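S.K.: Pasting in a structure now, in structure tokens, and then I'll have a few things to ask.
The values are calculated or read from the model by the stated rules, or taken from the named source; none is laboratory data. The model shown is predicted, which means the values in this text are computed figures rather than measured ones. Cβ sites come from the backbone with ideal geometry, for glycine too, and all protein chains shown count toward neighbours. To get the accessible areas, we keep the full protein, side chains included, count just its heavy atoms, and leave off ligands, DNA and RNA. Shrake-Rupley method; radii C 1.70, N 1.55, O 1.52, S 1.80 Å.
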Amino acid sequence: MRFRPTIIIRLLLRFASHCLLSGISTARIILSCSQPPAGVVRLNFAPMSSTGAAVLGALVTLTPGSSAIDIDPQRREILLHLLDTRTVETTVASIRRDFERDLCLLFPEEKS
């Protein structure tokens, strides 16, 4: 891991924002009478070390409404369970936009 305080702070702020917004969405789902379709989706992620992939999985799992079920670093794929699959494209895009780039900088792909 490269120590880059600015990137770490930015990543933590984005994570806090995801938690707040997802927490509100999850609370709405819980408090409403309707149940959105839940399901499992695959997220292909950018090249990063296996540690970076594990951190990405942890960030996703700690965000309300989503859980990483399996991480495959060789295929660069995370299997996700989402509480609401009506917004899969938006959810995946926000994970890529807000987490991937910084994690790739902090945990670059390991050269074999």
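S.K.: Label the stretch 6-112 by shape, choosing from rounded, prolate and oblate, from the square roots a ≥ b ≥ c of the eigenvalues of the Cα gyration tensor; if a/c is under 1.5 it is rounded, and otherwise prolate applies when a/b is larger than b/c, oblate when it is not.
M.R.: Oblate shape, in that a/c is at least 1.5 and b/c is the bigger or equal ratio.
S.K.: What accessible area per residue comes out for the chain, rounded to a whole number of Å², with a 1.4 Å probe?
M.R.: 61 Å²
S.K.: Would you mind working out the magnitude of the charge dipole of the chain relative to its Cα centre, with +1 at each Lys and Arg C-beta and -1 at each Asp and Glu C-beta, to the nearest 20 Debye?
M.R.: So the dipole magnitude of the chain works out to roughly 280 debye.
S.K.: How much length, in nm to one decimal, is gained on full extension between Arg4 and Thr85, taken as 0.36 nm per residue of separation minus their Cα-Cα distance? If you can, show how the numbers build up before the last one.
M.R.: On the way: separation 81, 0.36 × 81 = 29.16 nm, distance 3.44 nm.
Answer, rounded to one decimal: 25.7 nm.
S.K.: What list of ³J(HN,Hα) couplings, whole Hz, do you get for the stretch 64-80 from phi and the Karplus terms 6.51, -1.76, 1.60, once you set θ to phi - 60° and write x for glycine and proline?
M.R.: Result, ordered by residue: x, x, 9, 9, 7, 8, 8, 10, 10, x, 5, 8, 6, 9, 10, 8, 10 Hz.
S.K.: For the stretch 72-112, build the convex hull from the C-alpha positions and give me its volume per residue in Å³.
M.R.: Numbers: hull volume 3.2 nm³, N = 41.
It comes to 78 Å³ per residue, whole-number rounded.
S.K.: Cut-off 16 Å, label point 7 angstrom out along Cα-to-Cβ of Lys111: give me the residues of the stretch 12-55 whose amide nitrogen falls inside.
M.R.: Inside the label zone: 48-49.
S.K.: How much accessible surface does Thr91 have with a 1.4 Å probe, in Å² rounded to 10?
M.R.: Thr91 exposes around 40 Å² with every protein chain in place.
S.K.: Please state the charge dipole magnitude for the stretch 27-92, taken about the Cα centre, from unit charges on C-beta atoms (+1 on K and R, -1 on D and E), reported in debye and rounded to the nearest 20.
M.R.: Numbers: 5 positive and 5 negative charges, 16 e Å.
That gives a dipole near 80 debye.
S.K.: Keeping the other protein chains in place, figure out the carbon and sulfur percent of the accessible area of the chain, with a 1.4 Å probe.
M.R.: 59 percent
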